[in-house]
Amino acid sequence: MRRLRFLPRLGLRARITIAFAVGALLMSAVLAGAALGFARQNLLDQRESSATARTYQNAQTVNRALPAGSGSTDGGDPADVLASLQTPSGSNPVLLVNGRWFPLNPEFGEDVIPASLRDMVRSGQPARMRFDHDGTTQLAVGVPLPAVNGAYFEIVSLGELEQTLESISISLLAAALLSTLAGAGVGWWAARRVLRPLRGIGDAATAIATGHFDTRVEASDDPDLAPLAASFNEMAMALEERIERDARFASNVSHELRSPLMTLAASIEVLENQRGDMPDRAKAALDLMVADIERFRQLVEDLLEISRFDAGVMHLDLEEVRVDELVMAAVTTSTDVDVPVDIDADLAGVVVRADKRRLSRVIANLLDNAAKYGHGATRVELRKNGDAVLIAVEDDGPGVTPEDRDLIFLRFNRGTSAGHRRGIDGVGLGLALVAEHIRLHGGAVWVENRTGDQPGARFVIELPTEEAT
Amino acid sequence: MSVGTRILSVEDDERIRTAVKLALEDEGWAVEEADTGEEALNAFQRQPADVVLIDIMLPGIDGFDVCRAIRRVSDVPIVMVTARADTHDVVAGLEAGADDYLTKPFAPKELSARIRALLRRVRSTDSGSSHLRFGDLEIIPDEGVVRRGGEEIHLTKTEFRLLVELATSPGRVFSREGLLERVWGYGYFGDGRLVDVHVRRLRTKVEADPANPRHVVTVRGLGYKLQA
């Protein structure tokens, strides 16, 4: 279905609410229109027939009061006759006798009466007509008086009626608005009811996404919802099984790879003990093996750590740690013990909740990264930033281009520039692990330009402090 | 120093066992091998070793059971070898009576350092006194004897060293890092679970009610202390 482009995308709940409101509006508009029309017709009919009846009655009175057949005005003065008539306010009689007009109210004389009505009545035909005068609707009723060669008219104002109809229509409009609102309310409530099971499924999906793989939605006995809940639970179960299988696989791989590595690590140590007795070529080969067994070990370690994240089985051993002590210990046990560490004075004693060994691996990875791609770390900075702690590692290398700044934290990705350089033996897991570990610690990591307008990269870790959490 | 110190190495993978034996012998230890739990227990019965190295994943009797069986008859230092450090294996192994653990693959030189730390003897100069008293608790460092209410209780060597370490400054709070360094010889990144499980084991022996310890007290967020 094509969506009209100028309409904003509305949610299901909004659409159901609007549909109910529009339905209520249409229905109340039709009902109000019909009620108004009916009332109008009824009131007009009533008013017209009562005005007509009175006019006939008054015409008869006039007929009796005036001398019959006479063309003269003797006997009864038409003005006196008119004044003696019983007319309600808003009703203005006009009398025509022998071609002379006698209005009771000078403002409502013969010229107010439409000419066509006058002509029709003078020709001997009783008639009535609605017309507009000075903005108000008037009704004129005329009865011919052949005995006095004239006619009797009454001009009745319908303004009062219009006012009544107007107030009725205002009430009806208000009622229509109210029922529209009520319709919207019912729609909103109904949408909520309908969407509640969907929200339950949404919550379950969120729980699964955050690692609670055993989450299921409650089975429903509603025939419309049961298949949805059932298929969702089936999907969740399949996902959980798959993740468990992956986790088992990672654990198996762990054991299988560690055993040969153990043999290699022990054997290489025996060979190293004999290094002094070896010819130079054997020494060179031994050194290569030592270095690559270490690389192999690190790679297995990193891969297993990553697969633990994927299986959602990563658990941190969190404890309260003084961040300055941790960073100092991490630097002194790393491969780059000489890098200067600047610690902000007000950071003394600031405590973070962290997995000591994993966080030190993070810092070691950043130092390692600086050594491989940034000509070595130039400085480690540690300072407080509001409720958080910033740990920054700066290097002297070419820096990281803005388009690489997110990419380098992905697995097996060393950034476009780093990939072309030779002699770099990283596999591109170090920064991915940094990102995963920091995320699990509730912190953030990013890379920016080195401070002080010097070339180089600055990797920053932000960790929440204990006071903040 | 440790020439003649005998290590019983229990490992079912033959190549690992052989490589570790070669490397440990280079470090100056005498190594006896066992490839199953049953064989390890038999060998230990024939002639108790000075240190036992046990791989947790063994066919038949597993490493935990071997550990418990040896603990029943001996206070010898036991080092467990696990495949992974982040599982429950570590705590289970320590609770079965192991003194320390290593994760495969480890460097045999690291293992040697661990063993040397575990074999360190307690002397009265460490504690400053030849006779220490904490209420009903009596510690004689030189003889390696602890009595509660006059009755001798058996501690492993590591439990004993932990107790004496705490006894050097009664009432002072020792951090887990400090205890890890002084008892196990670890630096800043030692595993604090070693201290926690050993304190737990120690309490079951020296406390009348281990659930409500009177002597070995936890100071939340700081560490442990010993009091009368």
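Each value in this text was obtained by applying a stated rule to the coordinates, not by laboratory testing. Nothing here was measured: the structure is a model prediction, and the numbers come from that model. Heads up, the Cβs are rebuilt from the backbone with ideal geometry, glycines too, and the neighbour counts pull from every protein chain shown.
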- FRET efficiency for A:MET27 and A:ARG130 from the Cβ-Cβ distance with R0 = 51 Å, rounded to 0.05, comes out at 0.95
- lysines whose Cα lies under 17 Å from that of A:LYS283, excluding same-chain neighbours fewer than 8 positions away: none
- Can you give the Rg and Dmax of the protein assembly as shown based on its C-alpha atoms, in angstrom? 50.3, 164
- Task: Give the residue from A:MET262, A:VAL327, A:PRO279 lying farthest towards the positive end of the charge dipole for the range A:255-341; charges sit on Cβ (+1 for Lys and Arg, -1 for Asp and Glu) and the dipole is referred to the Cα centre.
- Result: A:PRO279
- The Cα extents of the range A:292-345 along the principal axes, largest first and rounded to whole Å, are 41, 31, 12
- Query: Hey, with R₀ at 22 Å, roughly what FRET efficiency would B:LEU222 and B:VAL91 work out to, going by the Cβ-Cβ distance, to 0.05?
  - Reply: 0.55
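Which value results when the Cα radius of gyration for the range B:124-228 is divided by 2.2 N^0.38 Å? Mind dumping the intermediate values first?
Details: Rg = 12.7 Å, N = 105, 2.2 N^0.38 = 12.9 Å.
Its radius of gyration relative to the 2.2 N^0.38 Å reference: 0.99.
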- Alpha carbon convex hull of the range A:348-409, volume per residue in cubic angstrom: 113
- Item | Extent along principal axes [Cα atoms of the range A:225-286; Å; largest to smallest] | 78, 16, 9
- Item | Between helix A:159-209 and chain A: long-axis angle, C-alpha atoms, 0 to 90°, nearest 10 | 20
- Query: For chain A, with only Lys/Arg (+1) and Asp/Glu (-1) charged at the beta-carbon, what is the dipole magnitude about the Cα centre, in debye rounded to 20?
  - Reply: 1840
- Message: Quick check: pseudo-label points 7 Å beyond the Cα along Cα→Cβ at B:THR204 and A:ALA284, how many nm apart are they?
- Response: 5.8
- Item | Degrees separating the helix B:108-119 axis from the principal Cα axis of chain B, which is the longest one | 40
- Query: Taking neighbour counts of Cβ atoms within 10 Å as a proxy for exposure, in what order, fewest first, do B:VAL146, B:VAL197, B:VAL219 appear?
  - Reply: B:VAL219, B:VAL197, B:VAL146
- Longest site-free stretch - chain A; sites: trypsin sites (Lys or Arg not before Pro), DSSP loop, at most 13 other Cβ within 10 Å: A:10-420
- Counting only backbone N atoms under 20 Å from a point 7 Å out along Cα-to-Cβ of A:ASN105, the residues of the range A:20-64 in range are A:44, A:47-59, A:62
- So what's the angle, to the nearest 10 degrees on a 0 to 90 scale, between helix A:280-311 and the longest Cα principal axis of chain A? 30
- To the nearest whole percent, what portion of all C-alpha pairs in chain B is separated by more than 21 angstrom? 55
- Message: Taking beta carbons within 10 Å but only from partner chains, what does the mean come to for residues B:22-28?
- Response: 4
- Message: Tell me the net charge near A:ARG192. Cut-off is 10 Å between Cβ atoms, A:ARG192 excluded, with +1 for each Lys or Arg and -1 for each Asp or Glu.
- Response: +4
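Among A:ASP292, A:ASP342, B:ASP13, which comes first, second and so on when ranked by fewest other beta-carbon atoms within 10 Å?
Lowest count first: A:ASP342, A:ASP292, B:ASP13.
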- When you look at the Cβ of every residue in A:376-388, what mean number of other chain Cβ atoms sits within 10 Å? 0
- Item | Reachable lysines, given that their alpha-carbon falls under 30 Å from the alpha-carbon of B:LYS205 and they are not under 8 places away in the same chain | B:LYS157, B:LYS225
- Task: Using only atoms on other chains, find how many Cβ atoms lie within 10 Å of each Cβ of peptide B:8-20 and report the average.
- Result: 4
- Task: Count charges around B:LYS205 for me, please; just the other residues with Cβ under 9 Å from its Cβ, Lys/Arg as +1, Asp/Glu as -1.
- Result: +1
- Item | lysines whose Cα lies under 27 Å from that of A:LYS384, excluding same-chain neighbours fewer than 8 positions away | A:LYS356
- Rank-order B:14-25, A:158-169, A:17-28 by packing density, defined as the average count of other C-beta atoms within 10 Å over each peptide's residues, highest first. B:14-25, A:17-28, A:158-169
- Taking the dipole of the range B:89-179 about the Cα centre (Lys, Arg +1; Asp, Glu -1; charges at Cβ), the one of B:LEU179, B:ALA113, B:GLY150 that reaches farthest to the positive side is B:ALA113
- Note on the structure: Under the 7 Å Cα-to-Cβ spin-label approximation, A:ALA83 and A:SER220 lie apart by a distance in nanometres of 8.6
- Near A:ALA457, within a Cβ-to-Cβ distance under 11 Å, what is the net charge of the other residues, with Lys and Arg +1 and Asp and Glu -1? -2
